[in-house]
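The values are calculated or read from the model by the stated rules, or taken from the named source; none is laboratory data. Note that this is a predicted model, so its numbers are computed, not measured. Cβ placement follows ideal geometry from the backbone for every residue including glycine, while neighbour counts extend to all protein chains displayed.
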Amino acid sequence: MLLHDDNGPTGAGMIGCLTYQSRAASPPSDADLDELVTRARARNNRHGVTGMLLYENGRYLQTLEGPPTGLDTIWSSIRQDERHAEIEVLTQHLVSGRLFSDWDLLLYRKLDQAPKSLLEKLRRKNPLAQHVPAIVQYALEADEPKLNDLFARLNEKGWSGDALVRELLEPAARMMGDAWLADECSEFDLTLGLGMLQMAGHAVRYSKDADDLRDSRYTILLASAPGEPHLFGPSLLADQFTDAGWGVEMAFPTSNEALTNQINEQQPDAVDIALSDALPRQNKVSKLRETVRQSRWSLPDQPLVVSVGGRLFAEASATAEQVGADLARQSAAGTRVTMGELVENARRAQEKTQS
Ligand SMILES: Cc1cc2nc3c(=O)[nH]c(=O)nc-3n(C[C@H](O)[C@H](O)[C@H](O)COP(=O)(O)O)c2cc1C
């Protein structure tokens with residue numbers, strides 16, 4: 001399963017969006033395409049799925065959007081369909097609004113048939129997505145020069161650090177996780193690949209914008225959830241918070257006790273507790289809830305803002321409420337701004353109760 005059901009209030013209303021390309025097993029006739037699309041429309045409609053299918057010169061490009069469970073059902077059929085091969089997922093994420101709300105499946109037989117405005121919209125929506133498979137390949141092959149080259153080019157083109165994290169690095173981590181889940185790479189490959197992404201992430205710079213609390217004097221402890229071996233998320237956050245002027249400490253604890261000791265020693269304004277960005281970790285909700293609870297306890301006299309992150313939250317499979325956190329970040333991107341606001345609010349609330 002690639003897109004997970006969303007049960008909680010934070011993710012409620014979010015819809016899954018998936019774009020892939022593939023090669024037709026044999027060129028379909030106009031009648032073949034019409035039949036495929038007529039059946040697909042009826043089925044998509046029953047599952048609340050909308051989207052677009054483009055066929056040109058032996059290749060398909062399809063975007064599908066809908067509630068994660070409906071989308072999963074349709075996607076499992078499409079993946080197994082022998083009428084196409086070399087299926088390559090280009091993007092896969094949760095969005096708040098649909099692009100094709102009126103179309104169970106809009107069909108284009110040629111790229112230049114599609115209205116410019118629509119293509120422009122698609123490109124604008126996720127223009128970095130085309131690079132995700134290449135990033136995964138370079139990272140799994142530990143090809144540092146190619147990774148560096150690609151990031152240097154994207155930096156030159158003026159992509160913001162947040163966009164590179166949200167649209168490129170985090171989807172690449174999830175794609176690697178999918179490869180591991182499908183037994184296409186080993187635990188060793190996955191760990192090495194995530195390490196390469198972590199290295200690429202250091203090249204990303206975060207500019208301060210007007211919303212940033214400039215030169216914040218707040219402090220944050222960036223922790224992996226106890227026992228979690230994947231450190232990619234905390235590493236991205238460390239660069240980001242450091243660039244925004246925060247005092248940053250890191251923790252890779254093996255137990256709740258080790259984490260709470262460190263919180264107690266450092267007395268940070270905020271703590272972020274991260275699960276893997278690559279693997280779904282759906283069985284970790286209650287364990288993480290306990291970690292969050294103990295973290296708060298460890299600083300009883302001062303407000304501690306607690307955020308959580310990882311693929312579990314990026315795909316809205318769990319919510320902040322479920323684990324007792326103040327924030328479940330769906331991406332590392334922009335977290336410095338949200339956390340700055342939360343810490344400021346917590347301080348104000350404390351001052352009010354003291355005066
Ligand atoms: C390129 C391509 C795109 C497709 N798109 C859809 C689609 O959007 N919705 C759909 O229900 N079936 C789509 N299909 C057909 C499905 O793969 C499958 O044949 C159909 O859903 C029946 O599924 P089932 O055999 O699992 O019942 C597509 C097939 C191909 C080759």
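Please note which helices (runs of 4 or more DSSP H) are completely contained in the stretch 263-334 and include at least 2 residues that are touching a residue at least 24 places away in the same chain (Cβ under 8 Å), among the hydroxyl-bearing types (Ser, Thr, Tyr) and farther than 18 Å from Pro68 by Cβ.
Numbers: elements: 285-297, 311-314, 320-323.
Once the helices (runs of 4 or more DSSP H) in the stretch 263-334 are filtered for at least 2 residues that are touching a residue at least 24 places away in the same chain (Cβ under 8 Å), among the hydroxyl-bearing types (Ser, Thr, Tyr) and farther than 18 Å from Pro68 by Cβ, what remains is 285-297.
Mind telling me which of the residues Asp72, Asp30 ends up being more than 10 Å from the ligand (Cβ to nearest atom), over 26 Å from Ala179 (Cβ atoms), in contact (Cβ under 8 Å) with a residue 60 or more places away in the chain and out of contact with any Cys (no Cβ under 6 Å at 6 or more places or on another chain)? Break it down stepwise before answering.
Working: Asp72 fails: over 26 Å from Ala179 (Cβ atoms).
Selected residue: Asp30, the only one of Asp72, Asp30 that is more than 10 Å from the ligand (Cβ to nearest atom), over 26 Å from Ala179 (Cβ atoms), in contact (Cβ under 8 Å) with a residue 60 or more places away in the chain and out of contact with any Cys (no Cβ under 6 Å at 6 or more places or on another chain).
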- Note on the structure: In the stretch 147-195, residues that are of a type in the set (A, V, I, L, M, F, W, C) and over 16 Å from Leu128 (Cβ atoms) total 10
- Which residues, taken from the stretch 41-50, are within 9 Å of the ligand (Cβ to nearest atom), touching a Ser or Thr at 6+ places or on another chain (Cβ under 9 Å) and in contact (Cβ under 8 Å) with a residue 40 or more places away in the chain? Asn44, Val49
- Query: What are the residue pairs meeting all of these: first residue in the stretch 190-206, first residue more than 19 Å from Trp159 (Cβ to Cβ) and among the aromatic types (Phe, Trp, Tyr), second residue part of a loop (DSSP other than H, G, I, E, B) and modelled with pLDDT of 90 or more, Cβ atoms under 6 Å, and 6 or more apart or on different chains?
  - Reply: none
- Selection from the stretch 107-126 of residues at pLDDT 70 or above and surrounded by 13 or more Cβ atoms within 10 Å (Cβ to Cβ) yields Leu107, Tyr108, Arg109
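Sort through Glu82, Glu65 and tell me the only one that's closer than 25 Å to Arg174 by Cα and either in contact (Cβ under 8 Å) with a residue 12 or more places away in the chain or near the ligand (Cβ under 8 Å from one of its atoms) (or both).
Details: Glu82 fails: closer than 25 Å to Arg174 by Cα.
Checking each option against the conditions leaves just Glu65.
Do we have any residue at all in the stretch 51-59 that's under 18 Å from Glu315 (Cβ atoms) and either surrounded by 15 or more Cβ atoms within 10 Å (Cβ to Cβ) or within 8 Å of the ligand (Cβ to nearest atom) (or both)?
From the stretch 51-59, those under 18 Å from Glu315 (Cβ atoms) are none; that's our starting set.
Looking through the stretch 51-59, none of the residues is under 18 Å from Glu315 (Cβ atoms) and either surrounded by 15 or more Cβ atoms within 10 Å (Cβ to Cβ) or within 8 Å of the ligand (Cβ to nearest atom) (or both).
Which one of Ala274, Ala258, Ala251 is farther than 20 Å from Ala346 by Cβ, surrounded by fewer than 17 Cβ atoms within 10 Å (Cβ to Cβ), among the small types (Gly, Ala, Ser) and not assigned by TED's automatic domain parsing to the domain that holds Glu167?
Values: Ala274 fails: surrounded by fewer than 17 Cβ atoms within 10 Å (Cβ to Cβ); Ala251 fails: surrounded by fewer than 17 Cβ atoms within 10 Å (Cβ to Cβ).
So the residue among Ala274, Ala258, Ala251 that is farther than 20 Å from Ala346 by Cβ, surrounded by fewer than 17 Cβ atoms within 10 Å (Cβ to Cβ), among the small types (Gly, Ala, Ser) and not assigned by TED's automatic domain parsing to the domain that holds Glu167 is Ala258.
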- Among the numbered conditions (1) at pLDDT 95 or above; (2) under 30 Å from Gln330 (Cα atoms), tell me where Arg83 comes up short. (2)
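Under 19 Å from the mean Cα position of the chain (by Cα), under 19 Å from Gly310 (Cβ atoms), outside the structural domain of Gln282 (by TED's automatic domain parsing) and modelled with pLDDT of 85 or more - does that describe any residue in the stretch 183-190? If you could, list the steps in order and put the result at the bottom.
The initial filter retains those residues of the stretch 183-190 that are under 19 Å from the mean Cα position of the chain (by Cα), namely 190.
Now drop any that are not under 19 Å from Gly310 (Cβ atoms), which leaves 190.
The next check asks that each one be outside the structural domain of Gln282 (by TED's automatic domain parsing); those that pass are 190.
Next, only the ones that are modelled with pLDDT of 85 or more stay: 190.
Yes: one or more hits.
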